[in-house]
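Okay, so here's the structure we're looking at.
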Amino acid sequence: MQRDEAQQILEAALLCAGRPLPLAELVALFDGTLTRTEVLAALHDLRQAWQGRGLALVEVADGWRFQSRPHVHPFLQRLHPEKPPRYSRAVLETLAVIAYRQPVTRGDIEAIRGVTLGTPILRQLEERGWIEVVGHRDTVGRPALYATTRQFLDDMGLPSLAALPALHDAPDPGPELPGLDPAPPEQSSTP
């Protein structure tokens with residue numbers, strides 16, 4: 001099979017799927033005529049072919065998908081003028097704590113944020129499919145341990161948690177969150 005034909009098949013499958021397609025499913029499209037390595041190479045070529053266009057081929061936690069580029073979002077919103085859900089600072093801080101420190105208990109989140117965590121915040125994140133209970137800590141009361149989901153990674157456009165921005169690269173959140181140690185000052189190399 002020609003590489004161009006493989007790209008056309010992959011492109012059609014990804015554009016028609018409506019969900020991210022795992023690499024295993026993409027390899028299965030070719031019924032053994034292409035190896036995993038060859039399919040990956042075709043995906044990378046396809047990604048390059050879509051450079052400079054309104055859509056981008058990206059790899060997320062659940063596989064590969066096409067998604068619109070940020071510069072076209074304002075125009076696409078005119079097609080569907082619905083307002084996306086807005087999340088309070090408390091919800092976003094809670095999500096950030098879970099994403100960076102997982103698995104964490106409610107008590108861990110409260111200690112880091114320095115405030116009591118309301119049940120509606122966790123419920124909202126669970127209903128959105130961004131967090132889930134992954135176990136219970138072996139301590140008094142056996143508190144639930146929360147972690148992010150694959151849906152969180154997909155919605156954020158991340159292939160894995162390793163793709164989260166480093167905390168020192170993150171934008172300044174304003175005042176320091178109670179319970180977080182500030183980064184140590186950089187040492188000068190001059191005596």
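Only the coordinates and a few stated rules stand behind these numbers; no lab work does. Predicted model only: the values in this text are computed from it and were never measured. For neighbour counting, all protein chains shown are included, and Cβ atoms are generated from backbone atoms with ideal geometry for every residue, glycine included.
Going by alpha carbons, how many degrees (0 to 90, nearest 10) lie between the helix axis of 3-17 and the longest principal axis of the chain? With both axes taken from Cα atoms, the answer is about 50 degrees.
Once the piece of chain linking GLU126 and ALA24 is laid out straight, how much longer is it, given 0.36 nm per residue of separation minus the C-alpha distance between them? So the extension gain works out to 33.9 nm. Ranked by the mean number of other Cβ atoms within 10 Å of their residues, highest first, the peptides 73-84, 100-111 fall in the order 100-111, 73-84. Computing FRET efficiency as 1/(1 + (r/R0)^6) for ARG78 and LEU55, where r is the C-beta to C-beta distance and R0 is 22 Å, gives about 0.80. Residue order for GLU5, GLU59, fewest other beta carbons within 10 angstrom first, comes to GLU5, GLU59. Over the range 89-163, calculate the relative contact order: mean separation of alpha carbon pairs under 8 Å at least 6 apart, over the residue count, as a percent. In percent, rounded to a whole number, it is 32. Return one number: the angle in degrees, 0 to 90 and rounded to the nearest 10, between the long axis of the Cα atoms of helix 119-128 and the longest principal axis of the Cα atoms of the chain. Between helix and principal axis, roughly 10 degrees. For the range 89-163, the Cβ-based charge dipole about the Cα centre amounts to some 140 debye (Lys, Arg positive; Asp, Glu negative; other atoms uncharged). Seen from LEU21, the other residues with C-beta closer than 13 Å to its C-beta sum to a net charge of -3, counting Lys and Arg as +1 and Asp and Glu as -1.
The mean sequence separation of alpha-carbon pairs under 8 Å and at least six residues apart, normalised by the residue count of the chain, gives a relative contact order of 18 percent. Taking the Cβ of ASP45 as the centre, find all other residues whose Cβ is under 10 Å away and add up their charges (Lys, Arg: +1; Asp, Glu: -1). Its environment carries a net charge of +1. Placing unit charges on each Cβ (+1 for Lys and Arg, -1 for Asp and Glu) gives the chain a dipole about its Cα centre, and among ALA49, LEU122, LEU153 the Cα reaching farthest toward its positive end belongs to LEU122. Net charge in the neighbourhood of ARG65 (other residues with Cβ under 9 Å of its Cβ; Lys, Arg +1, Asp, Glu -1) is -2.
Both radii are taken from the alpha-carbon atoms of the range 89-163; with Rh as the Kirkwood radius, Rg/Rh is 0.95.
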